[in-house]
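The values are calculated or read from the model by the stated rules, or taken from the named source; none is laboratory data. It should be emphasised that the depicted structure is a prediction, and the values quoted were computed from it without experimental measurement. Methodologically, a virtual Cβ is constructed for each residue, glycine included, from the backbone with ideal geometry; neighbour enumeration extends over all protein chains shown. Keep in mind that these areas ignore ligands, DNA and RNA; they rest on the heavy atoms of the full protein, side chains included. Shrake-Rupley method; radii C 1.70, N 1.55, O 1.52, S 1.80 Å.
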Amino acid sequence: MPKSESLGDADVAQWPDPLRISTPADGSQVRVVRRRLTRWLHGDHLDPDLVDDLVMAVSEALENCCDHAFTGSSASGTMTLTAQTVDATLTITVADDGCWREAPTEPGIRGRG
């Protein structure tokens, strides 16, 4: 089971130990989670360009949690990042406890997320 970390914890899981971060689904937390993931990924095990690409993709997924999962809800929710390696395969998952909504008939300038 991955170590679950609150954003106040000083010690972050280190590669290859699993990383799990749960935080309020708020845009101000995306930067913090991104930094923690970057620290976990850096080292001599991955190409730096790949690390940048992974962090960018995760950042987009986290922003989507904040922007789309809780739209129209008065309650704030949680987004969770998990990252782990199993048999030389890296898996990064971003999840939220929000609910899906039907795509608007007119998506506007933001697209579909």
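Please identify the pairs in which a residue from the stretch 16-36 that is open to solvent by 40 Å² or more (accessible area, probe 1.4 Å) has its Cβ atom under 6 Å from the Cβ atom of a residue that is part of a helix (DSSP H, G or I) and not hydrophobic (A, V, I, L, M, F, W, C), counting only partners at least 6 apart or on another chain. Every condition considered, the pairs that remain are Arg34/Ser59. Answer yes if at least one residue in the stretch 37-46 is among the aliphatic types (A, V, I, L, M), touching a Ser or Thr at 6+ places or on another chain (Cβ under 8 Å) and at pLDDT 95 or above, and no otherwise. The answer is no, given that none of the residues of the stretch 37-46 is among the aliphatic types (A, V, I, L, M), touching a Ser or Thr at 6+ places or on another chain (Cβ under 8 Å) and at pLDDT 95 or above.
Within the stretch 37-84, being β-branched (Val, Ile, Thr), touching a strand residue (DSSP E or B) at 6+ places or on another chain (Cβ under 8 Å) and open to solvent by 40 Å² or more (accessible area, probe 1.4 Å) holds for one residue alone: Thr78.
Within the stretch 43-72, the set of residues being free of Cβ contacts under 8 Å to residues at least 12 places away in the same chain and of a type outside the set (A, V, I, L, M) comprises Asp44, Asp47, Pro48, Asp49, Asp52, Asp53, Glu60. Only residues that are under 16 Å from Gly98 (Cα atoms) and part of a helix (DSSP H, G or I) were counted across the stretch 31-81, and they come to 8.
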